[in-house]
Amino acid sequence: MEKRGVRAEPNTYFWLLEGCLNNGSLLDAKRVHSRILKLGFDGDRALGDRLLRVYVGLGDMWDALKLFDDMPHRSIESWNCLISGWLAKKAYRNALGVFLRSLREGAGIDRFTFSSGLKACGGCGVSFDLVRQIHAKIVRYGCASDLIVGNPLIDLYSKNGRIESARLVFDELGFKDSVSWVAMLSGFSQNGLAEEAMCLFVRMRCLGVMPTPYVISSVLSACTKSEAFELGRQVQGQIYKWGFMSETFVGNALITLYSRCGNLRAAEQVFREMDNLDGVTYNSLISGHAQRGDGNVAIRFFKEMHFSGFKPDTVTVASLLSACAFIGALEKGKQLHSYVVKSGFSSDMIIEGSLLDLYVKCADIETSRELFNSTNKENVVLWNVMLVAYGQMGDLPESFKLFSQMKVAGVQPNEYTYPSIIRTCTSFEAIHLGEQIHSQIVKTGFDLSVYVSSVLIDMYAKCGRLGVAHDILEQLMEEDVVSWTAMIAGYAQHELYIEALSVFRDMQVRGIRSDHIGLSSALSACSGIQAMKQGLQIHAQAVISGYSMDLSIGNALISHYARCGLIREAYAAFEAVEDKDEVSWNGLISGFAQSGHCEESLKVFVKMNQVGVRANVITYAPLVSASANLADVKQGKQIHARMIKTGHDLETETGNALVTLYSKCGIIKDAKREFFEMSDRNEVTWNAMITGYSQHGFGREALELFEDMKRERLKPNHITFIAILCACSHVGLVDEGMKFFKSINEEHNLIPRPDHYACVVDMLGRAGQLDRARAFIEEMPISPTAMVWRALLSACRVHKNIEIGEFAAQHLLELEPNDSANYVLISNIYAVARRWGNRDKIRLLMKNRGVKKEPGRSWIEVNNSIHAFFVGDRLHPLSDKIYTFLEELNDRATEIGYIQDHNSFLHDIEQEQKDPTAYIHSEKLAVAFGLISLSPTMPIRVIKNLRVCNDCHNWMKFVSRIAKRAVVVRDTYRFHHFEGGVCSCKDYW
């Protein structure tokens with residue numbers, strides 16, 4: 001054309017530039033640009049825009065920018081072209097700069113300009129104030145309802161967590177395309193609002209909008225995150241209907257859904273139906289099996305992936321290592337380690353962490369340390385894994401040493417570092433070390449982390465520092481269910497059940513939805529205080545929340561109803577649990593034993609054996625306690641024999657129960673043997689033995705054992721001092737007892753409880769120091785309980801002190817107007833003093849108030865059967881023989897000095913109308929029956945529900961001498977061992 005002398009026009013160069021763009025020749029484009037400048041066509045607006053488009057299209061952004069700056073007239077298309085060019089290069093800041101420049105210069109802006117500007121904002125993470133300003137400009141330009149602008153604005157708001165703003169933009173759109181729906185669905189899903197995402201999908205279908213594969217993928221992702229697996233299964237049906245299974249990413253989303261819910265069979269079915277597979281497909285299946293602990297299956301898919309030509313990536317190998325760690329497959333893990341080295345993945349941070357986690361979980365600490373030493377020490381995750389490793393090994397010193405090395409190496413701890421070492425402190429109850437870590441947490445600002453705070457709360461709560469734990473809870477910026485649950489569990493663990501339920505109520509008031517752990521802890525607290533009504537409410541809440549089938553909730557309900565004595569409800573809760581474990585059975589056994597239904601507890605144990613469930617230490621301890629409460633030493637010995645066979649007799653908890661068993665059954669020698677044969681004794685062990693000595697009248701031995709306990713550097717508690725004070729009371733050691741009482745607070749920093757005050761009053765009263773006892777009560781810093789007044793009144797009956805007795809009776813009847821024992825005590829005081837009128841008034845008051853005297857009752861076991869006797873009982877089949885034998889015993893006892901104490905019958909009979917010799921107490925009948933029924937070598941063991949009277953006590957001393965048999969009587973106060981005419985209490989009881 002030039003050779004012929006034909007002059008080129010701007011349109012000629014316009015098409016030449018188009019050819020350069022199509023051919024991708026930047027050099028030819030620059031030559032054409034040179035000709036344009038020579039011919040003076042550079043002022044042509046259309047030619048300038050085309051030239052800018054060519055430079056941008058060929059990637060020469062700096063020449064494009066220079067051209068743009070030299071252009072005399074810039075059209076909207078020019079601005080949009082330059083911004084789009086920078087976006088294509090992912091130079092988001094450059095793109096944003098051009099966009100903001102267009103705003104400043106007041107250039108023409110259209111919807112495409114705003115769309116590109118929003119994409120630039122999303123790429124470089126600008127401040128949200130700028131996004132709001134741009135949004136305001138969009139509204140002012142009338143582009144708010146335009147798809148081109150609305151879709152990226154929805155995406156931008158969603159990615160920045162401003163989901164409500166995104167929702168407003170979405171709702172303002174006049175027309176929504178598939179991109180709009182995908183953006184909004186993805187936004188909900190990314191922000192954890194899976195339910196909203198699914199509702200939006202339903203809304204979309206109701207409007208008749210046909211979903212795209214990307215929409216379906218977003219919905220499946222939402223179903224996975226919200227665990228709405230049934231809805232995901234329904235979506236799968238639509239996928240088949242619309243033919244979307246040909247899309248690989250849709251199939252992958254389905255596999256992920258089923259893998260997460262544990263339905264790996266369905267995941268594999270989708271896998272087999274997919275036409276096109278990729279690495280993500282295999283990774284989803286491998287990860288799913290790894291999370292479920294199916295290590296062998298995960299490895300099988302790994303091999304299949306390799307044979308199919310897909311190269312495993314770090315995600316694949318990390319999932320496989322996780323699977324091996326889960327099932328403890330150390331050898332397979334080592335094979336993977338070799339593959340990692342050969343494949344060049346060994347320096348990858350994720351792989352390093354997974355390898356270290358494998359060796360830690362397989363307890364190969366040496367290899368773990370070697371691997372750790374060879375890795376990049378700047379990776380804080382590896383330090384965290386090693387801290388967990390030493391914590392699992394129970395090596396607290398090494399944990400702190402590693403933590404110190406971490407600081408020396410300059411590695412900054414993160415929010416997962418501190419919890420690792422705090423948990424180790426918690427397991428060792430090393431509260432002082434934990435406090436040091438807490439101070440560092442505060443200095444580094446991690447005390448604002450909800451995760452760190454929850455672990456701190458757990459530590460302080462478990463170590464008994466509940467006030468500190470509650471302060472941390474109150475300072476939390478977020479409402480974290482784990483932290484609140486830890487607080488509830490801490491209070492329940494330390495038997496502060498009212499406080500635990502108070503925190504649970506506060507949690508509900510704040511709108512925090514409790515999980516199954518919180519509900520089970522609250523149920524445990526209800527059990528501790530027999531709060532049946534609250535327990536029913538929590539049961540209903542568990543059902544409403546969908547936790548009714550949860551095993552931990554089921555077991556908590558079993559324990560709750562059993563401990564509250566609700567037998568039918570406990571069995572119903574037990575039957576409702578499908579997969580019963582040892583905890584389920586133990587909940588019934590322990591609960592019934594604690595609520596006094598000891599025979600029911602033993603029945604459950606029999607059923608447990610019949611179905612083949614193995615008993616453990618938690619099973620045996622309450623069983624032994626149940627036998628002790630029933631005084632069924634034979635049953636207790638059978639359980640003891642079973643414990644020896646299974647090796648559970650060596651456990652401290654069962655040993656403690658055995659000491660209590662033999663003590664409560666009157667066999668103090670066996671209790672002593674168990675105590676001294678135990679290799680590991682705790683405070684409960686010592687308390688059980690000291691209490692046993694005390695109840696059996698061995699006060700001196702109890703005090704000696706207490707001194708041994710202190711030499712062992714074991715800290716006495718409230719129960720210890722109750723036993724010690726009782727021991728002093730039973731042997732008349734008043735001065736020693738008062739010193740022990742003062743030491744409770746002065747030496748051991750314990751606050752005396754009402755039981756301790758009652759023990760002191762009993763001790764002073766037994767010693768006849770009634771005035772001192774009354775003065776002690778009047779000086780008490782707390783209000784005297786019924787137990788305190790009853791101890792004083794009982795002493796007044798023994799020492800025939802009517803004045804103080806009436807004083808005590810007045811207070812006692814105010815506190816317990818319906819307890820028959822109180823009226824009997826008062827009545828006996830008047831009867832002993834021959835004040836029959838006063839006695840009759842008490843009887844009349846008792847009658848008017850509808851209070852009935854509890855009848856005296858005694859039990860004795862003969863030939864595996866329990867025989868019970870009442871006062872003057874003649875219902876026993878051998879009653880004639882028993883009464884005949886009793887007459888012989890009385891005659892022989894009278895011959896050697898026995899004289900009946902008539903004062904012991906003054907409440908039971910009318911002194912003027914009945915003969916006391918014909919009114920025989922139940923313990924005499926039981927002893928007589930035992931003597932004629934048991935082998936001469938066997939001791940007589942009797943249990944009575946009331947205190948043994950003076951006459952029966954004296955009579956049994958003579959009987960033990962006549963029959964040359966040991967007679968052991970357990971009443972509500974203590975044990976009496978009669979042998980050779982002497983009682984172990986030395987008549988001081």
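The values are calculated or read from the model by the stated rules, or taken from the named source; none is laboratory data. As the structure is a computational prediction, the values presented were derived from the model and not from experiment. All Cβ positions, even for glycine, are placed from backbone atoms using ideal geometry, and neighbour counts span all protein chains on display. Heavy atoms of the whole protein, side chains included, go into the accessibility calculation; ligands, DNA and RNA do not. Shrake-Rupley method; radii C 1.70, N 1.55, O 1.52, S 1.80 Å.
In the set (1) within 30 Å of residue 127 (Cβ to Cβ); (2) surrounded by 21 or more Cβ atoms within 10 Å (Cβ to Cβ); (3) modelled with pLDDT under 75, residue 192 fails one condition alone, (2). Residues of region 766-817 that are outside any helix (DSSP H, G or I), without any contact (Cβ under 8 Å) to a residue 24 or more places away in the chain and not acidic (Asp, Glu): 780, 781, 783. Do the conditions hold for residue 543, that is, is it open to solvent by 40 Å² or more (accessible area, probe 1.4 Å), among the β-branched types (Val, Ile, Thr), closer than 19 Å to residue 524 by Cα and in contact with a helix residue (DSSP H, G or I) (Cβ under 6 Å, 6 or more places away or on another chain)? No; evaluated as a whole, the condition is false for this residue.
The residue of region 507-525 that is surrounded by the fewest Cβ atoms within 10 Å (Cβ to Cβ), among those that are among the β-branched types (Val, Ile, Thr) and part of a helix (DSSP H, G or I), is 509.
So for region 839-848 (the condition being open to solvent by 60 Å² or more (accessible area, probe 1.4 Å), assigned to a loop (DSSP other than H, G, I, E, B) and among the basic types (Lys, Arg)), does at least one residue qualify? No, region 839-848 contains no residue that is open to solvent by 60 Å² or more (accessible area, probe 1.4 Å), assigned to a loop (DSSP other than H, G, I, E, B) and among the basic types (Lys, Arg). Here the condition is being hydroxyl-bearing (Ser, Thr, Tyr), surrounded by 18 or more Cβ atoms within 10 Å (Cβ to Cβ) and over 29 Å from residue 777 (Cα atoms); of 858, 865, it holds for 858 alone.
Conditions (1) more than 22 Å from residue 374 (Cβ to Cβ); (2) open to solvent by 10 Å² or more (accessible area, probe 1.4 Å), marked per residue:
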| position | (1), (2) |
| --- | --- |
| 285 | yes, no |
| 290 | yes, no |
| 302 | yes, yes |
| 305 | yes, no |
| 312 | yes, no |
| 315 | yes, yes |
| 322 | no, yes |
| 333 | no, no |
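Being of a type outside the set (Phe, Trp, Tyr) and at positive phi holds for only one residue in 631, 576, 621, and it is 631.
Considering only region 860-868, I want to know if a residue exists there that is within 46 Å of the chain's Cα centre (by Cα), assigned to a loop (DSSP other than H, G, I, E, B) and under 30 Å from residue 627 (Cα atoms). Looking through region 860-868, at least one residue is within 46 Å of the chain's Cα centre (by Cα), assigned to a loop (DSSP other than H, G, I, E, B) and under 30 Å from residue 627 (Cα atoms).
Within region 466-479, residues that are in contact (Cβ under 8 Å) with a residue 12 or more places away in the chain have Cβ atoms under 6 Å from residues that are not hydrophobic (A, V, I, L, M, F, W, C) and not in a helix (DSSP H, G or I) in these pairs: 479/510, counting only partners at least 6 apart in sequence or on another chain. The residues of region 585-633 that are over 20 Å from residue 661 (Cβ atoms), surrounded by fewer than 21 Cβ atoms within 10 Å (Cβ to Cβ) and in contact (Cβ under 8 Å) with a residue 12 or more places away in the chain, listed by number, are 613, 614. Scanning region 546-584 for residues that are of a type in the set (Val, Ile, Thr), crowded, with 19+ Cβ neighbours inside 10 Å and touching a His at 6+ places or on another chain (Cβ under 9 Å) returns a single hit, 553.
Can you find even one residue in region 73-94 that is at pLDDT below 80 and farther than 29 Å from residue 132 by Cα? Scanning region 73-94, I find at least one residue that is at pLDDT below 80 and farther than 29 Å from residue 132 by Cα, so the answer is yes.
Applying the condition of being over 16 Å from residue 517 (Cβ atoms) and β-branched (Val, Ile, Thr) to region 454-506 and asking which residue is least open to solvent (accessible area, probe 1.4 Å) yields 472. Within region 160-178, residues that are open to solvent by less than 50 Å² (accessible area, probe 1.4 Å) have Cβ atoms under 7 Å from residues that are part of a loop (DSSP other than H, G, I, E, B) in these pairs: 161/191; 163/191; 163/193; 173/145; 178/212, counting only partners at least 6 apart in sequence or on another chain. Among the residues in region 416-431, are any β-branched (Val, Ile, Thr) and open to solvent by 30 Å² or more (accessible area, probe 1.4 Å)? No, region 416-431 contains no residue that is β-branched (Val, Ile, Thr) and open to solvent by 30 Å² or more (accessible area, probe 1.4 Å).
Among the residues making up region 333-357, a single one is of a type in the set (Lys, Arg) and either over 20 Å from residue 389 (Cβ atoms) or touching a strand residue (DSSP E or B) at 6+ places or on another chain (Cβ under 8 Å) (or both): 342.
The C-beta contact set for region 361-386 (first residue open to solvent by less than 80 Å² (accessible area, probe 1.4 Å), second residue of a type in the set (A, V, I, L, M) and not in a helix (DSSP H, G or I), distance under 7 angstrom, 6+ apart or interchain) comprises 377/409; 377/411; 380/411; 383/411.
Every residue in region 130-158 that is closer than 20 Å to residue 187 by Cβ, open to solvent by 10 Å² or more (accessible area, probe 1.4 Å) and among the small types (Gly, Ala, Ser), please. The answer is 144, 145.
Restricting the first member to region 965-989 and to residues that are open to solvent by 20 Å² or more (accessible area, probe 1.4 Å), and the second to residues that are part of a loop (DSSP other than H, G, I, E, B) and of a type in the set (Lys, Arg), the beta-carbon pairs closer than 6 Å and six or more apart or on different chains are 972/947; 973/947.
Mind checking whether some residue in region 775-795 is touching a His at 6+ places or on another chain (Cβ under 7 Å), surrounded by fewer than 24 Cβ atoms within 10 Å (Cβ to Cβ) and β-branched (Val, Ile, Thr)? No, region 775-795 contains no residue that is touching a His at 6+ places or on another chain (Cβ under 7 Å), surrounded by fewer than 24 Cβ atoms within 10 Å (Cβ to Cβ) and β-branched (Val, Ile, Thr). Exactly one residue among 791, 775 is in contact with a Gly (Cβ under 7 Å, 6 or more places away or on another chain) and of a type in the set (Gly, Ala, Ser), and that residue is 791.
So which residues in region 198-234 are outside any helix (DSSP H, G or I) and of a type in the set (Val, Ile, Thr)? The answer is 209, 212. In region 861-890, the residues that are under 22 Å from residue 948 (Cα atoms) form Cβ pairs under 9 Å with partners that are of a type in the set (Asp, Glu) and part of a strand (DSSP E or B), at six or more places apart or across chains, as follows: 867/861. So which residues in region 226-259 are under 18 Å from residue 194 (Cα atoms) and surrounded by fewer than 18 Cβ atoms within 10 Å (Cβ to Cβ)? Hits for region 226-259 are 227, 229, 230, 233, 234.
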